Structure formats: C-alpha cells, structure tokens
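What follows is a set of notes on a single structure, which appears directly below.
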Amino acid sequence: MLITGTLLLPDERKGGHAVRLSTGSLLVRDGRIAELREGEPAGTPDLGGDDALILPGFIDAHVHLPQFDSIGADGMELLEWLERVVYPAEARWADPDFAGAMALRACRQLASFGTTGIAAYLTVHHESSLAAARAVEAFGLRAVVGQTLMDREAPAELTRPAMQLLAEADAFVESLAGRPRIRAAVTPRFAVACTPELLAGAGAIAKRTGSPVQTHLAETEAECRRVAELFGGTPYAEVYDRAGLLGDRTILGHGIRLDEADRATLARTRSVVAHCPTANTFLRAGSMDRAGLRRAGVRLALGSDVAGGPDRSMVRVARAMLETAKARGDTPPAAADCWRQITAGNADALGWTDSGRITPTAWADLVVVAPDVPWRDAPDPPARLLYAWDDRWITATLAAGRLVYTRA
C-alpha cells in the first residue's frame, strides 16, 4: 500500500522529542512501514494525496472499555458516580458475549476518532475480560488490557476473594503472552477497592511476569481520605510502592492530589501518571499540576478516561491538557508537544518503541486526514490543526496496515 501526503514525523534534530511536518510517501507492507520517502511522492497513492495529512495513530493511555455507554452521567463526585453509574454498567459484563460485542463496538468508535493504541481497563469478570481481549486483538488495535481486580468496597457482584482474583490475573497474563499486538496488564482498580493482600499479590504477579500495571491514584479528596483510613495514614503512592506495584511499566490514572513525598516516590520508581484533563473537569475532581509533576521528574502520559472523560477524541483531550495548564496559570505545552504526547509520547510511556511514530519498521498505525482549513502557511501549523480540529477530517484509520475505519 502506498500512502502519500504531508507526514507528521519525529524531529531527529531534537532527539526525536519533537515533531515536524514534511511532504512524503509511505510504503506499507506486512503491517509495518517498509519505506519512508520525503519529498514529492511518485506514483498513484492507495490512500492520501496532495491535500492529505498523514498522522501516527493516536494512543490513549487510560480508558475503560465497559464504560462507553455511560458517557455523560453528570452531577456526581467520583465515588457516587462509580456506585450509581459505572458499577451497574460493568455488572453487564457478566455475560462474555455482551462483553466481547461491547469491546468490539468500543474499538470501532475509537478507530473512528483515529485511536489505534490503548491502555484499557476491563471488568472483574474473568471470562468476559478474555472475550473482550480477544475482540480487541481481532479488531487490530495495539493494546494493553487488564481484568480489573476488586475485593472490597464495591457491589457484591463485582468483588471476588483475593486469592481467586490473583489466580485469574495470573491466568489472564498467561493467556495473552507472546501476542504481537496485545498484552495483559495487572489491574487493581484502586486502593479503596483492594485489600493489602490483593495489592501485594498483584505486585508479585507483575514482578514475576514483567507485566505492566495500571491503577488509579489520588483523583479526589474523598478517595484520598478513604485510602488514608484503610491504610493507617500511609501516603497513597507509598501504598502502591509497598505492594510492589510501582515501576517504569506502571500507569497511574489522574494523580491530582499528590504531595511532595508522593511525587518523589513516583519519580524514584519511574512510574507514569496518566493525565486525564477532560475527566478531571467532568467529575469536578480538580486539575492535575502537570508542570509541577514534570519539575519533580515524574513521567507523564495522557488519557481520555472514558466514561469519566466524555471525549473519545485524543486530539480534544490533548487540547484540554493545554487549556488546563492555561487555567492553572502554568506555561502551557506547545501545540507540537500535544501532537507528540498523543502519539510517540504515550507510546513511550507504554514501552512501545515501534508505535506512535512514522518511521521505517514501525507498525503502520496511521490516520489519514483531510483538513478543511488552510493550515500549511499558518504561523504555527500544529496549533492551527489542534485548535481547528474536526474529527470529521479523518478519512481513514489503519491499524497494522489494515483499514479499520473509512469515512462513509
């Protein structure tokens, strides 16, 4: 497959930590980018063309697949929202057929917004989580997915004994071992819903198998107070550290209410905080101090947190990251940094060196875009594209070189 247009490429002059735009062409073969040529392309393209913009597929570092039908349940704080909205939605995943079908439906939605890679939570149901993982893999997204672990402070139908959950988590990791595009994550929901026994067991599985870890951290004041009550006042980040859950493969959702000690723990362990600005606003949880975490040396990613976050578009989430920084009075990230964050930046946070970027041998996870605004001669083309972005510009999304979405 030959794809031509203006390519969003890593800027190697800046160590690959920035992006640049360049006219060129891509040859896709066996699911990967076989060749990249800059300059005026020759030949008739299969996708793209002179007016097309070719982007790496977007990566969502924090999303809940069972919650896609729960977007927009407004007016509640986190713990009430979980009890009244999310837990009933997740209870429907007791049926593996329903779970697999909903996961597939969520993948289709994500692809229509240009997302080709995810770090996703499933539910406590083992067979349903396996069915959902199979659906994600069959659809073609690159993914880290995890059966959610909860053994307390949740409805009875969504809790399990710790030892059962640990055995299932072990089996879930083994079931996805060796797959090229999908990997299991050890996924305790958050410290409120997990006993120390469950957290420690989850940490042991992650250490033994080398699996990524995903959980939530310090989203709301009420949550933090409850963690302090349950763990004898131990700082929130230290609760996870003691359980062996922190490390460079750990993605922690939110991280809004972190003190200096928490930040030092996260920096020392090289754990990643997934900033979820649209969800933080929707649930009125607060705003994450992105600039302060960066100064403390904490690694960052960006997530939609559907359904706490109402936006499935990672471009909109990236813009919310920028706008949150402005509202806090911080120096906002440049628009080009936003584009990098939702592509190579999130890929790096997930340990994916061959996703989120347009380079030879990388997976051909690509978004073909037809902007309807003049952008090439703008003073800051990435900013023009970010602020004027319309999801209807997306004409095609490819995952591993296969079309998974085309605009009707």
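Which angle from 0 to 90°, rounded to the nearest 10, does the C-alpha axis of helix 196-209 make with the longest principal axis of the chain?
40 degrees
Please identify, among 94, 378, 120, the residue showing maximal mean-square fluctuation in a Gaussian network model of the chain using a 10 angstrom Cα cutoff.
Residue with maximal mean-square fluctuation among 94, 378, 120: 378.
Rounding to the nearest 20 debye, state how big the charge dipole of the stretch 58-349 is about its Cα centre with +1 on each Lys and Arg Cβ and -1 on each Asp and Glu Cβ.
Roughly 1000 debye, rounded to the nearest 20.
Could you tell me the calculated FRET efficiency between residue 229 and residue 95, based on Cβ-Cβ distance and R0 = 41 angstrom, to the nearest 0.05?
0.70
Would you mind calculating the gained length between residue 221 and residue 174 on full extension (0.36 nm times residue separation, minus the Cα-Cα distance), in nm to one decimal?
Once the chain is fully extended between residue 221 and residue 174, it gains 13.3 nm.
Identify which of 13, 384, 284 has the largest mean-square fluctuation in a Gaussian network model of the chain, with springs joining Cα atoms closer than 10 Å.
Sorting by GNM fluctuation, first place goes to 13.
Determine the gain in length on full extension of the stretch residue 109-residue 38; use 0.36 nm per residue of separation and subtract their C-alpha separation, reporting nm with one decimal.
22.4 nm
Can you put 342, 54 in order, fewest other beta carbons within 10 Å first?
Ranking 342, 54 by Cβ neighbours within 10 Å, fewest first, gives 54, 342.
Residue by residue through the stretch 384-398, what is 3J(HN,Hα) from phi via Karplus (6.51 cos²θ - 1.76 cosθ + 1.60, θ = phi - 60°)? Round to whole Hz and write x for glycine and proline.
4, 5, 5, 7, 8, 3, 9, 4, 6, 5, 5, 9, 7, 10, 10
Tabulate in residue order the Karplus-calculated ³J(HN,Hα) for the stretch 145-158, using 6.51 cos²θ - 1.76 cosθ + 1.60 with θ = phi - 60°, rounded to whole Hz; enter x for Gly and Pro.
Calculated HN-Hα couplings, in order: 10, x, 5, 6, 10, 8, 10, 6, 6, 8, x, 4, 6, 10 Hz.
Helix-derived [θ] at 222 nm for the chain: sum -39500 (n - 2.57) over DSSP H runs of at least 4, divide by residue count, nearest 500?
Helix contribution divided over all residues of the chain: -10000 deg cm²/dmol.
Please compute the net charge surrounding residue 400, taking Lys and Arg as +1 and Asp and Glu as -1 over other residues with Cβ under 10 Å from its Cβ.
With Lys, Arg at +1 and Asp, Glu at -1, the net is +2.
Can you tell me the orientation of helix 126-139 relative to the chain, as the angle in degrees between its alpha-carbon axis and the longest Cα principal axis, to the nearest 10?
0 degrees
Need the full-extension length gain, residue 127 to residue 74, defined as separation in residues times 0.36 nm minus the C-alpha distance. One decimal, nm.
Roughly 16.0 nm would be gained on extension.
Dipole of the chain (Lys/Arg Cβ +1, Asp/Glu Cβ -1, origin at the Cα centre): which of 218, 252, 98 lies farthest to the positive side?
The one lying farthest along the dipole's positive direction is 252.
Which entry in (1) 158; (2) 140; (3) 130 matches volume of the Cα convex hull per residue in Å³ derived from the coordinates of this structure?
Among (1) 158; (2) 140; (3) 130, the one calculated here is (3).
What residues qualify as long-range amide H neighbours of residue 49, i.e. H under 5 Å apart, gap of 5 or more or another chain, H built at 1.01 Å from N?
So residue 49 has HN proximity to 4, 5.
Compute the helix-to-body angle for 260-269: its Cα long axis versus the longest principal axis of the chain, expressed 0 to 90° and rounded to tens.
The answer is roughly 70 degrees.
Could you check the simple spin-label distance between residue 287 and residue 29, using points 7 Å along Cα→Cβ, in nm with one decimal?
Placing both labels 7 Å along Cα→Cβ, they lie 5.0 nm apart.
Explain nothing, just the number: dipole magnitude of the stretch 264-377 about its Cα centre with +1 on each Lys and Arg Cβ and -1 on each Asp and Glu Cβ, in debye rounded to the nearest 20.
420 debye
Taken together, the values in this text are just the output of simple stated rules run on the coordinates, not laboratory data. None of these values were measured; they are calculated from a predicted model. Using ideal geometry, Cβ is built from the backbone for each residue, glycine included, and neighbour counts are taken over all protein chains shown.
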